[in-house]
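For reference, the structure is listed below as structure tokens.
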Amino acid sequence: MPHPSLRIGFIGAGRLGTALAWSFARRGCGVVAVASRSAAPARRLADGIAGCAVGDAQAVVDASDLVFVTTPDDALAPVAAALRWRRGVAAVHCSGASELAVLAPAADAGAAVGGFHPLQSFAETEAAIASLPGCTVTIEADEPLRAALVELAGALGCPVNLLPPGARALYHAAAGYASQFVSVLLREASTAWQQWGASEEQALRALLPLARGTLASIEKLGVARGMPGPASRGDVGSIEKHVAALGAIDGDMLRLYRELCARSVVLALERGGIDAATAVKLRDALG
């Protein structure tokens, strides 16, 4: 558990800042101050925490040992540059993609700087709080701040991913494959369903349990061994039918299918579900 005297402040009271602040406070951490561009979100955050004061951003820095800057990414550098930092305080952003260089004005003034990025969505505050335990938090910082952030992640029940300098853009892009690109894939699938008059709602009702089952298999068996589908079993005929059907709808849809299916052939080889000769037949079927 983080030291009980640690004073935590928040600059930014959106969904991420509010969920983190309330989560820390509910686990006995001292969240003492909050600032936001709008008074209402700051007041809402503070109302959920006994003893948390609402003030301007400089007041948060002055009152805190560790300041979470939970503003939108494009505001991180201007916020850091506008404040008087000091040695003994830490400035920590919660951006996935932004390098710690955006906090350079704080570092130049002697403050420690770091990144603390929970790898999950924050669409609704209480739902985000409920799903935080078990969610990986990616941390980048030098010691002793790194140890303090790891301890805070532990207080939330979160495993830690330690990130080296310069890797944030790659890390954030990788997260997209498991988050927003899932939406793209489900939109592609529901577009196919609409060809026979089904709605997107009907498609999702049918496809989401399928997606959950696949994720459960991957969680148990790993990416390659948990992959279902025709490539995994060498079903050339089904892939030929898919190519013909999708090509009749939309050339872009077919191109995406070909790219994804070609990569599934690689996974099928890795799992040992097909041999090299079958892989050639599958790739030929894809054209």
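Brief remarks follow.
Table: residues versus (1) surrounded by 12 or more Cβ atoms within 10 Å (Cβ to Cβ); (2) in a helix (DSSP H, G or I); (3) among the basic types (K, R); (4) touching a residue at least 12 places away in the same chain (Cβ under 8 Å).
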site	(1), (2), (3), (4)
L186	yes, yes, no, yes
Q202	yes, yes, no, no
R205	no, yes, yes, no
L210	no, yes, no, no
S232	yes, yes, no, yes
R258	yes, yes, yes, yes
A262	yes, yes, no, yes
G273	yes, no, no, yes
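- Residues that are part of a helix (DSSP H, G or I) and among the β-branched types (V, I, T) occur in region 138-153; there is at least one.
- Total residues in region 9-57, condition of a type outside the set (A, V, I, L, M), under 24 Å from S131 (Cβ atoms) and in a helix (DSSP H, G or I): 10
- Candidate set from region 155-176 (those that are within 23 Å of I129 (Cβ to Cβ) and in contact (Cβ under 8 Å) with a residue 40 or more places away in the chain); member that is surrounded by the fewest Cβ atoms within 10 Å (Cβ to Cβ): N161
- Subset of region 218-230 [assigned to a helix (DSSP H, G or I) and surrounded by 15 or more Cβ atoms within 10 Å (Cβ to Cβ)]: I218, P230
- Of the helices (runs of 4 or more DSSP H) contained entirely in region 61-131, those carrying at least 2 residues that are without any contact (Cβ under 8 Å) to a residue 60 or more places away in the chain and more than 23 Å from V160 (Cα to Cα) fall at 73-82, 104-108.
- Under the condition of being at positive phi and buried (at least 23 other Cβ atoms within 10 Å of the Cβ), the residues counted in region 18-42 number 0.
Values quoted throughout were computed directly from the atomic coordinates according to the rules given, and no laboratory measurement underlies them. Treat the numbers as computed from the prediction; the structure is a model and nothing was measured. Neighbour counts are summed over all protein chains in view; Cβ atoms, including those assigned to glycine, are modelled from backbone coordinates with ideal geometry.
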